[in-house]
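*Asks:* Below is the structure I would like to discuss, written out as structure tokens.
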Amino acid sequence: MQFTIVSLFPEFFDSFLSCGLMAKAVEAGVVAVDRVNPRDFALDRHHTVDDRPYGGGPGMVMGLPTMAAALRSLPRPGKLLMLSPAGKPLTQQMAGELAGEEALTLLCGRYEGIDARIFDLFDITPVSVGDFVLSGGESAAACLMEAVARLVPGFMGKDASADEESFSSGLLEYPHYTRPEVFEGLPVPPELLSGHHAAIADWRRRRSLETTLGLRPDLFDQTAIGVADADFLRSRPRTRSGRNMHLGLVHGPVVLKDGKVGTVSLTNLDVHDIARVSRTYGLGGFEVVSPLRDQLTLAGRIVDHWRTGPGSRANPDRGEALSLVRLHEGLDAALAAVAADHGREAALVATSAKGPATLSFAAAREMIRARPVLVVLGTGHGLAEEVLARAEGVLPPLRPFSDYNHLSVRAAAGILTDRLLGDAS
Ligand SMILES: C[S@@+](CC[C@H](N)C(=O)[O-])C[C@H]1O[C@@H](n2cnc3c(N)ncnc32)[C@H](O)[C@@H]1O
């Protein structure tokens, strides 16, 4: 594999290329690395490579003449990549695909980056190594080179050793141990000492699943796990962060069809479906709010039918979900009930199909990890202004860029809950 690095600081790579497996791979000819400095292509006597940005603003921009000349000078550029925080995220899968190329050229930016017309002149793929900003592309290029080179046949002693690492199966890797067997009272897990290959493989798979669920549950979105894996994850005792979250369905005060504030009737479907969402995601409870006594009586009858009446025998699972329903005459009573459950004050978070949002999903996830939160949804045409105003935050609308904004409240409850808790709950 041929790497060409285009950088104002080619010496940055000296130590990187002179130690460990990378040095060995260069020596063995598994990878070859050329370094090109755009400054060598500058035409003025100061060897200028940057200039002020059009439109003003801080910093300098790497200019096109030197960069284009540097790229045109390359005898074997192969695929062109630019390290950039605005690039496609570097993943193990991307590294695997790049390892199949014969040659890669890596453009390292400095200052505010490179004049954007570089993308019009050359077919360049921008690649990011993470959601943070480095001072230059060199350390990012080193990351990319190492991730790619170690997948090139011959780089590692045994080619198979890359197969079991984090991300190669879509999961994080299991933990490793070595001698001594006990260190400062800490033993190595007995399964690893058993000599029983199937037991070891099983232990490793389970640790890998647990680590992934604990640290990177988002990875389960990208990988299909088997029935046995899912059974194992389900069987584990877990701390449910979902318990801190309660859903609240407010029937009044809400906005009515005519724009006035009032109360709307309760819907059997909403009570059922939001209770099932609440149970599925391990929520602390589902708080139904209506100022109308007869509506609460009706809701009570529906719930009791499934919880203790004939419905409980016909479908006990439904009864289990509906057991999470509590009925309140007002928001204050709902908040008080949530606070009583947790022994501390609960935060009120509101939702709106229109915005404006004052609380991001990420901030709301943090809030739920830390304390009890009642997330309220409005029936009718949405929560009344007085409810939005007293909430600690209003979550962003779902699908804000869609030209159709009419989700049912129960569909919205499901989507919001998944955004807030996902599979981590
Ligand atoms: C100071 S940064 C420029 C940041 C740029 N103005 C911005 O806000 O996106 C200088 C150079 O560092 C490199 N760089 C910085 N962060 C990076 C990241 N997360 N991934 C890849 N390259 C990065 C790029 O080559 C970039 O051109």
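*Asks:* Under a point spin-label approximation (7 Å from Cα along Cα-to-Cβ), what is the Asp34-Arg117 distance to one decimal in nm?
*Replies:* The modelled label-to-label distance comes out at 2.6 nm.
*Asks:* What is the sum of charges, Lys and Arg at +1 and Asp and Glu at -1, for the other residues whose Cβ falls under 13 Å from the Cβ of Glu173?
*Replies:* So the surrounding residues net to +1.
*Asks:* Could you work out how far the C-alpha centroid of segment 291-366 sits from that of segment 48-93, in angstrom?
*Replies:* Segment 291-366 and segment 48-93 have Cα centres spaced 54 Å from each other.
*Asks:* Using a Förster distance of 51 Å, how high is the FRET efficiency between Arg371 and Ser402, based on the Cβ-Cβ distance and rounded to 0.05?
*Replies:* Efficiency at R0 = 51 Å is approximately 0.95.
*Asks:* What per residue convex hull volume, in Å³, do the alpha-carbon atoms of segment 120-222 yield?
*Replies:* Given the Cα convex hull of segment 120-222, per-residue volume reads 199 Å³.
*Asks:* Thinking of segment 346-425 as a set of Cα atoms, what percent of all their pairs are more than 20 Å apart?
*Replies:* On the way: 836 of 3160 pairs.
I get 26 percent for the Cα pairs in segment 346-425 exceeding 20 Å.
*Asks:* Given +1 on the Cβ of Lys and Arg, -1 on the Cβ of Asp and Glu, and no further charges, what dipole in debye does the chain carry about its Cα centre, rounded to the nearest 20? Write out the running numbers ahead of the final one.
*Replies:* On the way: 43 positive and 51 negative charges, 236 e Å.
Computed about the Cα centre, the dipole is about 1140 debye.
*Asks:* Give me the angle, in degrees from 0 to 90, between the Cα long axis of helix 409-421 and the longest principal axis of the Cα atoms of the chain, rounded to the nearest 10.
*Replies:* Rounded to the nearest ten degrees, it is 50.
*Asks:* What is the count of Lys pairs in the chain whose alpha carbons sit under 25 Å apart, if the two are 8 or more places apart or on different chains? Before the final figure, lay out the partial values.
*Replies:* Details: Lys24/Lys79; Lys24/Lys158; Lys79/Lys88; Lys257/Lys354; Lys260/Lys354.
Final tally of qualifying lysine pairs is 5.
*Asks:* Suppose R0 equals 22 Å; then what is the FRET efficiency for Thr91 and Ala230 from their Cβ-Cβ distance, rounded to the nearest 0.05? Before the final figure, lay out the partial values.
*Replies:* Working: r = 24 Å, r/R0 = 1.07.
After rounding to 0.05, the efficiency reads 0.40.
*Asks:* Go ahead and run the numbers for FRET between Val26 and His176, Cβ-Cβ distance against an R0 of 35 Å, rounding to 0.05.
*Replies:* 0.80
*Asks:* Let me ask you something else. Across bins of 10 angstrom width beginning at 0, how are the C-alpha pair distances of segment 242-424 distributed, in whole percent?
*Replies:* 10, 40, 38, 12, 1
*Asks:* Please list 376-383, 283-290 highest first by mean number of surrounding beta-carbon atoms within 10 Å per residue.
*Replies:* Answer by packing, highest mean first, reads 283-290, 376-383.
*Asks:* Net charge around Ala321, counting only other residues with Cβ within less than 12 Å of its Cβ (Lys, Arg = +1; Asp, Glu = -1)? Kindly include the intermediate steps, with their values, before the conclusion.
*Replies:* Values: positive: Arg276, Arg279, Arg307, Arg318; negative: Asp273, Asp317, Glu320.
Local charge sum for Ala321: +1.
*Asks:* Write down the Å³ per residue value for the convex hull defined by the alpha carbon atoms of segment 1-154. It would help to have the intermediate numbers written out before the result.
*Replies:* Working: hull volume 17.9 nm³, N = 154.
In segment 1-154, the Cα convex hull volume per residue is 116 Å³.
*Asks:* Further question on the same structure: What translational diffusion coefficient, in µm²/s and rounded to a whole number, does the Stokes-Einstein relation yield for the chain at 25 °C and a viscosity of 0.890 mPa s, taking the hydrodynamic radius as the Kirkwood radius over Cα pairs?
*Replies:* So the translational diffusion coefficient is about 93 µm²/s.
*Asks:* Further question: Which residues' amide hydrogens lie under 5 Å from the amide hydrogen of Met82, considering only partners 5 or more residues apart or on another chain, with H built in the peptide plane?
*Replies:* So Met82 has HN proximity to Leu107, Thr125, Val127.
*Asks:* May I pose another question? Mind checking the angle between helix 331-342 and the chain's longest principal axis? C-alpha axes, 0 to 90 degrees, to the nearest 10.
*Replies:* That helix lies at roughly 70 degrees to the long axis.
*Asks:* Right, next: Compute a Gaussian network model of the chain, connecting alpha carbons closer than 10 Å, and tell me which residue from Asp123, Asp229, Asp304 fluctuates the most.
*Replies:* Asp123
*Asks:* From the Cα trace of segment 182-235, what convex hull volume per residue do you get, rounded to a whole Å³?
*Replies:* So the per-residue hull volume is 105 Å³.
*Asks:* Using alpha carbons only, how many degrees (0 to 90, rounded to 10) separate the axis of helix 268-280 from the longest principal axis of the chain?
*Replies:* Long axis of 268-280 versus the principal axis of the chain: about 50 degrees.
*Asks:* Counting other Cβ atoms within 10 Å, keep those with at most 11, restrict to DSSP loop, and tell me which trypsin sites (Lys or Arg not before Pro) in segment 219-296 are left.
*Replies:* Hits after loop and neighbour filter: Lys257, Lys260.
Values in this text are rule-based calculations from the coordinates and carry no lab data. This one's a predicted model, so the numbers in the text were calculated from it and none came from an experiment. No Cβ is skipped: glycine too gets one built from the backbone with ideal geometry, and neighbour counts run over all protein chains shown.
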